[in-house]
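Reviewing the structure listed below.
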Amino acid sequence: AFTVTDRVSNQATTPVVLSHYGQVVKAGLNEAGSTWVNFHGPQSFLQGQHLTLEPTDLRDDHGGLKELTGQGGWAGMSQRYFMVALVPPATQRHTVAYRHIPGGEAGFTSVTLRAEPITVAPGTSAEVVTQVYAGPLQQSVLQQVSPELVYAVDYGWFHLIAAPFFHALVWIHGW
């Protein structure tokens, strides 16, 4: 994971209203989609709820844009073994938007994280710090970035069996 710090300084004589914005985009639609043993595609964790959407559900013929608003959490895109996630400050209120963007051969799938607007008074500055995770779906690493990021690891229909089994194997391995 790495940290992105965005700073703005208002040198004008009037207040400026700004929103912090981050986006993860994946080219094409994964028509095969997820299977009953794993999920890959756009997902987020917001207000205690883990949301996953099949990229094909975001096409206009399936409803198009989906949005959620809340505080903390994360938003990102996963593949079978890897993911990219934007992890905003826990106190930041923001909107997560999922959409399909037409273009190219199969278009693009987008996950956007947009903070609520802030007003920067003249002569002052503002700063927003966001963690960006790009790496493997390894629970110990995800836990270090954000405890809620472990929800990105999907065991599919076998979650009730696989999750405790995984933790037992980690414990045995560390013994």
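The values are calculated or read from the model by the stated rules, or taken from the named source; none is laboratory data. Bear in mind the structure is a predicted one, so any value in this text is a computation, not a measurement. When we count neighbours, we look across all protein chains shown, and the Cβ atoms used for this are built from the backbone with ideal geometry, even at glycine. Please note that ligands, DNA and RNA were not included when accessible areas were found on the heavy atoms of the full protein model with its side chains. Shrake-Rupley method; radii C 1.70, N 1.55, O 1.52, S 1.80 Å.
Things to note:
- 3J(HN,Hα) along segment 117-122, derived from phi through the Karplus expression 6.51 cos²θ - 1.76 cosθ + 1.60 where θ = phi - 60°, amounts to x, 10, 9, 9, 5, x Hz, with x in place of Gly and Pro.
- Amide H contacts under 5 Å for Leu53, placed H, 5+ residues apart: none
- Each label was represented as a point 7 Å from its Cα along the Cα-to-Cβ direction; for Val16 and Lys66 these points are 3.5 nm apart.
- Candidates Val16, Val129, Val25, ranked by Gaussian network fluctuation over the chain, Cα under 10 Å, top entry: Val16
- Net length gained if the chain between Ala121 and Tyr155 were fully extended (0.36 nm per residue, minus Cα distance): 7.5 nm
- Cβ-Cβ FRET estimate between Phe165 and Arg80, R0 fixed at 22 Å, reported to 0.05: 0.70
- Using a probe of 1.4 Å, the accessible surface attributed to Phe108 totals some 80 Å² when neighbouring protein chains are kept in position.
- Against the empirical 2.2 N^0.38 Å (N residues), the chain has a Cα radius of gyration ratio of 1.16.
- Mean residue ellipticity (222 nm) of the chain, computed from DSSP H runs ≥ 4 via -39,500 (n - 2.57), nearest 500: -4000 deg cm²/dmol
- Segment Ala1-Gln138, length gained on full extension (0.36 nm per residue, minus Cα span): 48.1 nm
- Rolling a 1.4 Å probe over the protein chains gives Ile172 an accessible area of about 100 Å².
- Using alpha-carbon coordinates, inclination of helix 159-174 to the longest axis of the chain, degrees: 90
- Across Ala85, Ala121, Ala152, mean-square fluctuation computed from a Gaussian network of the chain (C-alpha pairs under 10 Å connected) peaks at Ala121.
- For segment 77-175, the per residue solvent-accessible surface stands at 60 Å², with DNA, RNA and ligands left out and a 1.4 Å probe.
- For segment 126-132, 3J(HN,Hα) per residue [Karplus equation, 6.51 cos²θ - 1.76 cosθ + 1.60, θ = phi - 60°, Hz, x = Gly/Pro]: 9, 9, 10, 10, 10, 8, 10
- For segment 80-175, average projected area of the Cα convex hull in nm²: 10.1
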